[in-house]
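As C-alpha cells, the structure follows; a few thoughts come after it.
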Amino acid sequence: MTCPSEAFFRRATLAWCLFVVLLIAAAVATFDRSAVKTDFRSLLPAEAETVQTNDLFTAVADNNARHLFVTVGADTAENALQAAELTEKSLTESGLTVTHADSESLRQTVQSLAPYRNSFLTDSDRQFIETADNAQLLRRALKHLYRPISSVFLPWQDDPLGLFANRFQELFTNPHFSVRGRFLTVGSPSDPSHFAVVLNVTAAETLRLSGTPITDAVREARHQAQSTFSLTVIEAAGPLLLSEAAASAAQKEASFIGTFSALGVVLLVLFFYRAVTPAVSMVVTLGLSFLTAVSAVFLVFGEIHLLTLVFGATLLGIAADYVFHFLTELFQQPSAYAARRSLLKSLSVSLLTTLAGYSVMLIVPMPILRQMALFCIAGLSSAFCFVILLGPTVAKPRPLPSATDRWGTFLGQALPFSQAKALAVTTLFICAAIPGWFQLKTGDELRLLNNIPTAVLAEQQSVSEKISPTSPGQFFVIRAQTTDEVLHRLSTLRPQLDRLVKKGLLTGYRTGEGPLLPLIRQATDRQLVEAVNLKVRRLVEQKLGSRVEMPSATVSRPLTLSDWLTSRVGEFYRPFWLSDIETVVFLSGVKPESLKALQSVASRQPDIHFIDTTGTIRLSLSHWRSLTIKVLGASFFLMTAFLWCNYHRQAFFMALPTAAALLCTVGILGWLSVPVSLFTVLPMILLLGLGADYAVLLYTKPGEKTALLSVFLAALSTLLSFGLLAFSSAPALCHFGLSLSIGLFLVWFYTMLLRPVGSLGVCHD
C-alpha cells in the first residue's frame, strides 16, 4: 500500500476538521430535548411483516400514554380513604388530574345519557319485551314504581320498566370494584391487606413536555400520605412511569460506563507512557469521537435513544485502540510522520474490518441497533481520522519508558509455546468448550432490551393485579368503515371470547363500547321501548285509576360514540378507541396455549385483528438471529480470504485465533446459561474485526515489543469498556457486553499463543 503524500494529508486534515465542525454545529443547532427517546416502542423492529403490528401497538400505547393508576392501601379502609384524599390533593397540586368514577359521576352520566335512554336494551330485557304478556308487564312496572327513590336512575315515568336502570347496572356493576364516597375501591373493606382506593390519573401534555417528572409527583404524594398514615402503601402504574424509570436507569448507566471507561483509558496512558501529553491527546480524541457519533445519529435518525448512548459509551474502548497503536509506534520511529506511514496500512485494515462488523447491525430492521451501528461507525471513523490526520502534528517521538519496556519484555516472553504445542493447547480448549454448546438455549424476546428496575416492574405488576389486569402485548383491534360496523363486529366477537373464558384460555376481557349499540339496533330498541312504555302506562292507569305523567324528556336521536365518550364515565373508555372506526379489546390471562385459539377467532372474521406484539417481535428477532449467524459464517470466510490475499499462507494462523475464540465463547455462554439471541451473535461479528486487527499487527511486526504492547493495551481498553457494559440493567446490552468481553479476551489470548516470532512468515519452531 503506497502512502499518500504529506500534501494530501494536509488537505485531508483541513477537509475533515471542517466536516466535523459543520456536523456538530448542525446537530447542536437543530437538537431538541425531545429527540432523546426513552420509550421502548422506538426499539421495535421496523421490517415490513411487523409494521402493522407495531403501528397498532404504538397507537394503543399512545392512547394510554398519559394515563396512570394509583392505588392507596392502609391498615384500615377508613385510613385508606383518608390517605387517598391526601394523595389526590398532592397529585393535583403537581399538575396531574384525578378522575373519579364515583356515584356522583354515575348520576351525571345518567343525566347526560337520559335523552337516549330508549336506545339501548340488554338482551334479557329485549327478550322480555318481545315475549311478556300484559300481566307480566304490569307486575314489573308496579314493582319498579314502588322501589326506593334512591335506587332508581330516572323518574318512573321516564323509565317505567327500569330498562335504563338495568342497562346501567349491567354495564357498571363489577364485583371487582365498588364505590365508597368519592372514590372507586377494590377489594373488601373488611380485609385491609386486599383493600385499596383506585385513582385514575391523567398527565397533561404540557406537564409531560415541560420535563416535570411524573415519578417525582407520585413520590411526593406518597411521602405526604405516609407522613400522616405510616402504614399507607401507595403504588402507581402507567407508561409514563415506565418511560421515566427507563430513562433514569439509562442515564445512570451511560454516565457510569462513560466515566469509568474514559478514566480507565486515561490511567492506562499515564501508567504506560508516563506523560501528560498522550493522556490529553487521548481525552481529546475520545471526546471528539463521541460528539461526532452523537451528531451523526441525531442528524440521520432525527432522534437518539438513551440505550444508544449507553452502548455508545463502549465506543471509548475501541476508539482508544487507534491512539494506543499510534503512541506505541512513536517509541521506535524517528518522527511522528514516520509512525503514521508505518501504521497506515494496519490501522486501515483494522478500521475496515471493525466497520464491516458494525455494518451488519445496519441491516437489522431495529432502530436501536441501527442507531448503535451508526454511532460506532461515525465515532470510530472520527477516532481514526484524528489519529492519522492530526496525530503527527501534536505528537513527538520519545524513548520507551523503562517500566513500559519491562512490560513489553514480559509480553514477549509470555506463552512461549512451539507451534505444535500452541495448536494442541488451542484444540484442548476448544474440546473443553464443546459440552457448553449443548447447554445453549435461544432467547428472542424484546424484554431483553428492558432496562427498567425490578422494583418498578414489581410495582406495576402489583397495581395491574389489583385493577383487573390486561395483557399489554396481546389484544384485538377491530377496524371497519363506520362506527356501526365496528360495534357489529364487536357484538360477534363477544360470544367467542366468552367461550374462551369458560374454557380457561382467558380470565376475561375489556371493551369500550359501554351502552353503545349499532344505529339500526338502537332504532329497533327505541320503537320497542316507546311502544311498550305507552302500553305499560295505559295498564298502570287502568290499575291505579289515575293518569300517569308523560316522559320528562323527548327521545329524538340515537346515542353516538361522541355522546358516549364525552359523558363523565365515558371518559374512562377513551383509551379503548383509537378513532371512531377503530376500537381495542384488551385481554387478561392470556396463556401461551391461548394464542392459537385467539388467532383462529380473528382469522374467521373480517375487520378483526389479533395483535400479538410479543410473538411477532419474537419471530422477527429469531429470524434475524438466524440470518446473523449465516452472516457470521460468511464474514469469517471473507476475512480469511482477505488475509490470504495479503499475507498468503500465514492467513491460517492469523484467522485461527479468532475462530478458536468464537468456538470457546459459545461454549462458555452455554455454561453460563446465557441465551443465544441476536444480542449475543452480533458481538461475534465484531470479534472478527478485532481479531483481524490484532493478528495483522502481530504478524506485520513479529516479536516487536511495541506491537505486543500496542495489542495488549488495545485489548485491555476495549475489554474495560465492554466489561462495564456487562453490568447494564438491560439484558440485551449485558449479554452483548459479556459475549464481547469473553470473546475479546480469548481472541487476545489465542493471538498471543499462536503469534509468530522472528521475521514475518516465520512461525514457532
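The values are calculated or read from the model by the stated rules, or taken from the named source; none is laboratory data. Predicted, not measured: the structure shown is a model, and the values here were computed from it. Please note: Cβ atoms are built from the backbone with ideal geometry, for glycine as well, and neighbour counts cover all protein chains shown.
Summary table
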| read-out | value |
| --- | --- |
| Of all residues in segment 681-708 being over 18 Å from I318 (Cα atoms), part of a helix (DSSP H, G or I) and not hydrophobic (A, V, I, L, M, F, W, C), the one that is farthest from the chain's Cα centre (by Cα) | K705 |
| For F128: the one exception among (1) surrounded by fewer than 19 Cβ atoms within 10 Å (Cβ to Cβ); (2) at pLDDT 70 or above; (3) not in a helix (DSSP H, G or I); (4) not small (G, A, S) | (3) |
| For F652: the one exception among (1) under 30 Å from F256 (Cβ atoms); (2) assigned to a helix (DSSP H, G or I) | (1) |
| Residue identified as among the hydrophobic types (A, V, I, L, M, F, W, C), in contact with a strand residue (DSSP E or B) (Cβ under 6 Å, 6 or more places away or on another chain) and in contact (Cβ under 8 Å) with a residue 40 or more places away in the chain among L632, L587 | L587 |
| Count of segment 55-94 residues which are in contact with a strand residue (DSSP E or B) (Cβ under 8 Å, 6 or more places away or on another chain), at pLDDT below 80 and in a loop (DSSP other than H, G, I, E, B) | 1 |
| Filtered residue count, segment 719-729, keeping only those that are touching a Leu at 6+ places or on another chain (Cβ under 6 Å) and either surrounded by fewer than 24 Cβ atoms within 10 Å (Cβ to Cβ) or among the acidic types (D, E) (or both) | 2 |
| Answer residue from segment 500-520, given it is farther than 16 Å from S588 by Cβ and out of contact with any Leu (no Cβ under 8 Å at 6 or more places or on another chain) and is surrounded by the fewest Cβ atoms within 10 Å (Cβ to Cβ) among those | I520 |
| Complete set of residues in segment 413-470 that are under 30 Å from S188 (Cα atoms) and outside any helix (DSSP H, G or I) | I467, S468, P469, T470 |
| Single condition S556 does not satisfy, out of (1) assigned to a loop (DSSP other than H, G, I, E, B); (2) modelled with pLDDT under 75; (3) surrounded by 13 or more Cβ atoms within 10 Å (Cβ to Cβ) | (3) |
| Which numbered condition S729 misses (of (1) assigned to a helix (DSSP H, G or I); (2) within 26 Å of the chain's Cα centre (by Cα); (3) among the polar types (S, T, N, Q)) | (1) |
